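Written below as structure tokens is the structure these notes are about.
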Amino acid sequence: MAIQPIRLFGDPVLTTQTALVVDFDKELRTLVQDLTETMLEAPGAGLAAPQIGVPMRVFVWDVDDELGHLINPTLDLSDEDQEGDEGCLSFPGLAFNTKRALSVVAKGFNMFGDPVVITGTELLARAIQHETDHLDGILFIDRLDAALRKEAMKEIRSAEWFGQLIAEGVDLKIRLSPHSTLGLGL
Ligand code: NI
């Protein structure tokens, strides 16, 4: 197991569409372990594979002291919504009120290739929606209304970590994700 560096906003891997997992092999199980270790060390409530530079449809969570992971997810969202602050390990120190469905039924696979169904409400539902968005190159700031997104971009530009990325001359592509919501219903 190994803790991996977490990619920050501006890294193109975060706005890239990811690939379906086809091989449920040892490499995949190592990826799930790396994601879990990295999330716990951060610490965070969830982490998606692109956030450690791997463009595949895999994510993990740690909600209410329960660890989980899901591969190749598809989501059914409730009509009822929830409001609340949401953050992302790729945007250190920032959180914004983000509307999400209150509950979700997520279908996918575990790391051994067995089909699983995960039902979640509140924070677990929020985490599953946020992480599934990551797999489609969608970031939580894309979910904010226009006024709040403008405010968020201002805060991001003045964040210390963002200034450091610029100072280090990292090749940043600063833009909002152009991806559609891919029928997720949000
Ligand atoms: Ni995130």
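Do we find that residue 109 is within 14 Å of the ligand (Cβ to nearest atom), surrounded by 15 or more Cβ atoms within 10 Å (Cβ to Cβ) and of a type outside the set (S, T, N, Q) in this structure?
No, not satisfied.
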How many residues does the stretch 28-45 hold that are within 11 Å of the ligand (Cβ to nearest atom) and either of a type in the set (Ser, Thr, Tyr) or open to solvent by 10 Å² or more (accessible area, probe 1.4 Å) (or both)?
-> 3
Could you list all residues from the stretch 62-74 that are more than 16 Å from the ligand (Cβ to nearest atom), under 15 Å from the mean Cα position of the chain (by Cα) and touching a residue at least 40 places away in the same chain (Cβ under 8 Å)?
-> 71, 72
If you take the residues in the stretch 11-27 that are within 15 Å of the ligand (Cβ to nearest atom) and of a type outside the set (Asp, Glu), which one is farthest from residue 142 (Cα to Cα)?
-> 18
Only one of 94, 139 is within 16 Å of the ligand (Cβ to nearest atom), among the hydrophobic types (A, V, I, L, M, F, W, C), at pLDDT below 95 and closer than 18 Å to residue 15 by Cβ; which?
-> 94
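When the residues of the stretch 9-24 are filtered to those that are without any contact (Cβ under 8 Å) to a residue 40 or more places away in the chain and open to solvent by 60 Å² or more (accessible area, probe 1.4 Å), which remaining residue is nearest to residue 74 (Cα to Cα)?
Applying the first criterion (without any contact (Cβ under 8 Å) to a residue 40 or more places away in the chain) to the stretch 9-24 yields 19, 22-23.
Add one more test, that the residue is open to solvent by 60 Å² or more (accessible area, probe 1.4 Å), and what stays is 22-23.
Numbers: 22: 15, 23: 18 Å.
Here the residue is 22.
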Within the stretch 69-88, of all residues that are closer than 15 Å to residue 135 by Cβ and in contact with a strand residue (DSSP E or B) (Cβ under 8 Å, 6 or more places away or on another chain), the one surrounded by the most Cβ atoms within 10 Å (Cβ to Cβ) is 70
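Quick check on my filter: what residues within the stretch 138-153 are more than 14 Å from residue 45 (Cβ to Cβ) and under 9 Å from the mean Cα position of the chain (by Cα)?
Here is the first cut: in the stretch 138-153, the residues more than 14 Å from residue 45 (Cβ to Cβ) are 138-139, 141-153.
Those that are more than 14 Å from residue 45 (Cβ to Cβ) and under 9 Å from the mean Cα position of the chain (by Cα): 138, 139.
The values are calculated or read from the model by the stated rules, or taken from the named source; none is laboratory data. Keep in mind that what you see is a predicted model, and the values were worked out from it rather than measured. Cβ coordinates were reconstructed from backbone atoms using ideal geometry, including for glycine residues, and neighbour counts include every protein chain displayed. Ligands, DNA and RNA are excluded from the accessible area calculation, which covers all protein heavy atoms including side chains. Shrake-Rupley method; radii C 1.70, N 1.55, O 1.52, S 1.80 Å.
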